[in-house]
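As structure tokens, the structure follows; a few thoughts come after it.
The values are calculated or read from the model by the stated rules, or taken from the named source; none is laboratory data. Predicted model only: the values in this text are computed from it and were never measured. We place every Cβ from the backbone using ideal geometry, glycine too, and count neighbours over all the protein chains shown. Note: areas computed on protein heavy atoms with side chains; ligands, DNA, RNA excluded. Shrake-Rupley method; radii C 1.70, N 1.55, O 1.52, S 1.80 Å.
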Amino acid sequence: MKKKLLYIFALLCMVAQGALAEEYDSEIDFSLRNEDLVVPSGKHWFIYGHGLVSSHRITLEHGATVTLSSININGDGAVTTGEYAGITCLGDATIILHDGTTNTVKGFYREYPGILAAKNVSGVGAEYTLTIKGTGTLNVSSNNVSAIAPGIGGPAFGSCGNIEIQGGNITATGGRSSAGIGCGPAATGSGSENYPSSCGNITISGGNVTATGGEFAAGIGAGYGISGIRSTCGNITITGGTVSATGGNNASGIGGSSSYGDCGDITITMDVTSVSATMGAGATKSIGSDKNCGTVTIGGVVYPDGISTSSFTFIPLPNVTSSLTAVNGTMLSGTLANNVKISIADNATVTLRDVSINATGSWTSGDYAGITCLGNATLILKGENSVKGFNASYPGIQPAKRGGDDRYTLTIEGNGSLNASSNGSGAGIGSGCDNIVINSGIINAIGGNNAAGIGSHCYDITINGGTINAIGGTGGAGIGGSCHAITINGGTVTATGGTNAAGIGSGNEESCGDITIANTVTNVTATKGVGACDCIGKGAGVAYCGEVTIGGTECWGWYEGYGWMYNNDGEKYLKCNSLVYLKANADGNGNYWTTYYSNMNHYQAPSGTQVFKAMLDGSMLTLGKIESGIVNSDEGVVLKSTSPNYLLTSTTSSQEVVQSYDSNSLVGTMTTITNPGYAYVLSKGSAGIGFYKLSSSGTIGAHKAYLSYSGAAAREFFSFEEITGIKTIANSQEPTADNHYFDLQGRMVAQPGKGLYIVNGKKVMVE
């Protein structure tokens with residue numbers, strides 16, 4: 001039996017040795033070497049070192065492959081040690097990091113890197129490429145405090161080829177003036193001799209890579225250069241893995257240096273797990289360069305000026321598989337494919353770019369919001385974003401709650417859009433939180449059952465700008481619901497309450513504090529739900545609110561034990577179904593003009609406000625007065641008043657003479673839209689109040705009316721003098737300057753003769 005076991009053991013050893021022989025051409029115990037090692041061209045050697053320090057180097061000939069297992073190469077950095085790297089590649093070479101092992105490689109001389117990627121100096125054939133892959137660990141750097149070479153790259157004042165990292169846990173540290181991965185410094189020598197520094201393309205497709213640059217050098221990219229003698233790397237492409245790059249003083253994390261360190265195009269794709277870049281003190285960009293780098297493209301979006309934040313992290317949500325807490329400077333992008341919790345760290349500013357988070361809403365999906373804030377947080381909106389809660393009782397976005405005198409605040413801003421909602425009975429944005437501040441952006445927030453679009457048991461809600469559409473669920477206010485205070489200082493705000501809930505204020509059986517709407521807003525529309533008391537103020541049941549102030553006028557009064565809203569005429573106008581508060585444009589003559597559109601309600605203009613339709617016949621525009629002052633649903637109108645702010649109240653009556661809106665050329669939009677083509681919007685230009693041609697990238701705000709005219713693309717504006725007069729169209733490509741004369745065909749006249757002209761929007765007779 002014993003002989004049989006020995007036979008089987010010997011047979012297994014022979015099989016194992018045969019397998020190793022097929023995989024590797026040779027196996028070397030580097031800890032026993034007393035001299036340098038050269039791996040021949042076309043060979044694959046397995047080199048192991050037990051973690052013991054060796055003062056010998058490894059050289060890979062062109063086409064050689066080496067698998068490293070627990071080697072530790074560390075020259076002492078003295079000049080006498082030798083002017084070479086820890087591992088030197090003489091052509092195309094592949095380094096494989098053996099699974100479960102840690103490998104350390106340092107340069108032998110201060111001007112040489114830990115691993116040197118060869119440069120093809122022959123000019124024949126493709127550039128040489130160093131490929132690093134595997135699942136082991138590599139710590140690589142130049143040597144000692146005076147070192148001036150990269151971790152992986154070329155020598156100081158020299159060149160290297162392409163560097164490609166496919167896998168492994170790699171930490172690369174550059175010496176003074178040198179990148180962690182990339183170029184060393186450039187210099188000028190005695191006389192006229194110059195020493196530029198360059199490397200080829202850098203590609204990372206996998207692994208976990210951490211790269212740190214020395215002073216004046218990027219983490220990944222270029223090192224220090226001087227005017228006319230630059231440090232330059234090729235394109236930097238990151239298509240996979242987790243990458244963290246930190247620049248030294250005056251250098252980017254990924255890219256170049258403010259001291260003439262240049263790079264090619266920088267591309268980061270949606271296939272990465274995450275990419276983080278931090279610039280050094282005195283730098284201007286975390287990704288890119290303030291000198292001369294190519295195009296920066298992240299997730300398919302081009303950033304012409306690079307990334308200017310001090311720290312930036314790009315995380316594509318499709319690749320997130322476990323709970324994620326986004327730190328300051330993070331950009332989230334793409335569709336979340338897994339039901340994992342996404343949180344925002346305290347005091348973090350996070351960008352949402354084309355984010356889609358939408359769980360099923362079932363209990364098994366997780367008891368959390370689509371995005372959960374852990375403290376003070378700022379969300380920057382870019383592109384189109386949609387966020388839904390993961391559980392039926394959780395909101396789309398959950399601001400944090402601390403309470404007391406030092407409350408948390410969620411701030412939302414940016415030029416993108418956000419659709420936020422629960423998957424059941426949570427708020428769109430809110431649900432048991434401290435403060436919410438909205439500064440800009442296009443935001444649609446929809447609450448679930450008994451929840452507000454924005455709010456629900458929150459503290460202060462402040463809207464300073466943006467286009468906001470908030471819709472409460474059954475029993476939920478559009479904005480509010482058991483909140484301490486609601487303040488609207490600017491923007492276009494539309495708030496619609498659910499059944500038994502106010503548009504702005506309290507929901508069913510809820511309270512609300514003071515509500516303030518400043519005269520600086522563009523447009524506030526509040527519509528109550530069926531069964532609610534007020535459009536702004538109370539909902540239904542045991543509901544109450546504090547003071548309501550609109551445009552500086554307090555609108556809350558107590559009468560016979562009930563809270564009723566009064567205007568100066570004693571009418572309960574805030575108890576109407578819907579109320580609109582508008583800001584108008586001054587024409588300089590004591591009048592104020594604006595447009596309005598809604599497809600939801602008919603509105604009655606207040607006394608002193610005139611309502612017009614606009615009739616376009618060829619090149620002539622006529623304003624026709626709507627005598628009743630009623631703005632019909634689905635009709636765009638022009639409004640004129642001697643007051644800078646208008647207050648429209650809903651009415652159940654439409655215009656009795658329906659034909660009065662016949663031939664109305666005004667169209668409108670309920671949401672902010674980009675120029676639909678040949679659009680003219682009411683504004684004050686150099687020719688006065690008129691309809692001016694909108695630029696191709698211009699936007700039309702929510703609830704705005706505009707003219708759509710494609711008769712002649714070169715015509716720039718429609719002007720009007722009298723409210724029923726026939727108008728002309730200017731042909732100038734630019735708005736007219738003061739005192740320019742136009743004939744009745746809209747042509748500018750340099751020296752007007754006798755006749756009728758248009759000057760500053762008025763008809764003038766020249767004798």
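Observations on the model:
- Rolling a 1.4 Å probe over the protein heavy atoms leaves Y24 with an accessible area of roughly 20 Å².
- Spherically averaged projected area of the stretch 79-137 from its Cα convex hull (nm²): 4.7 nm²
- Order of exposure, largest accessible area first, which applies to K382, K538 with probe 1.4 Å: K382, K538
- Descending semi-axes in Å of the stretch 576-631, equivalent ellipsoid built from Cα gyration tensor: 21, 16, 11
- Averaging 1/r over every pair of different alpha carbons in the chain and inverting the result gives a Kirkwood radius of 30.4 Å.
- Per-residue accessible area (protein heavy atoms, 1.4 Å probe) orders H703, H62 as H62, H703, starting from the largest.
- Using the 1.4 Å probe convention, the accessible area of the chain works out to 40 Å² per residue with neighbouring protein chains retained.
- For the stretch 445-523, the relative contact order comes to 30 percent (Cα pairs under 8 Å, sequence separation of at least 6).
- A helix-only calculation puts the chain at -1000 deg cm²/dmol for mean residue ellipticity at 222 nm, using -39500 (n - 2.57) for each DSSP H run of at least four residues, averaged over all residues.
- For A348, residues with placed amide H under 5 Å, excluding near neighbours: T378
- Rounded to the nearest 10 square angstrom, Y48 shows an accessible area of 70 square angstrom against a 1.4 Å probe.
- For Y581, solvent-accessible area (1.4 Å; no DNA, RNA or ligand), Å²: 20 Å²
- Per-residue HN-Hα couplings for the stretch 385-399 [Karplus 6.51, -1.76, 1.60; θ = phi - 60°; Hz; x = Gly/Pro]: 10, 9, 9, 10, x, 8, 10, 4, 9, 10, x, x, 10, 10, x
- Note that the stretch 430-444 has calculated 3J(HN,Hα) couplings of x, 6, x, 9, 7, 8, 10, 10, 10, 9, 6, x, 9, 10, 10 Hz, one per residue in order, obtained from phi through the Karplus relation 6.51 cos²θ - 1.76 cosθ + 1.60 (θ = phi - 60°); glycine and proline are x.
- The stretch 52-167, relative contact order in percent, only Cα pairs under 8 angstrom and at least six apart counted: 26 percent
- Computed about the Cα centre, the dipole magnitude for the chain is approximately 340 debye when only Lys and Arg (+1) and Asp and Glu (-1) carry charge, each at its Cβ.
- Once Rg and the Kirkwood radius are both taken over the C-alpha atoms of the stretch 430-511, their ratio Rg/Rh works out to 0.94.
- Remark: relative contact order (the chain) = 4 percent; criterion is Cα-Cα distance under 8 angstrom and separation of 6 or more residues.
- Antiparallel DSSP beta bridges within the chain, as percent of all bridges there, nearest 5: 30 percent
- Farthest positive-ward along the chain dipole, Cα basis, beta-carbon charges - from G455, S506, T232: T232
- Cα long-axis angle, helix 2-23 against the chain (0 to 90 degrees, to the nearest 10): 60 degrees
- Using a probe radius of 1.4 angstrom, the carbon and sulfur fraction of the accessible surface of the chain is 49%.
- Placing +1 on the Cβ of every Lys and Arg and -1 on the Cβ of every Asp and Glu, with no other charges, gives the stretch 237-395 a dipole of roughly 160 debye about its Cα centre.
- Largest accessible area first, the listed residues R402, R715 line up as R402, R715 when surface is computed with a 1.4 Å probe on the assembled protein chains.
- E193-S41 pseudo-label distance in nm [points 7 Å out on the Cα-to-Cβ vector]: 3.0 nm
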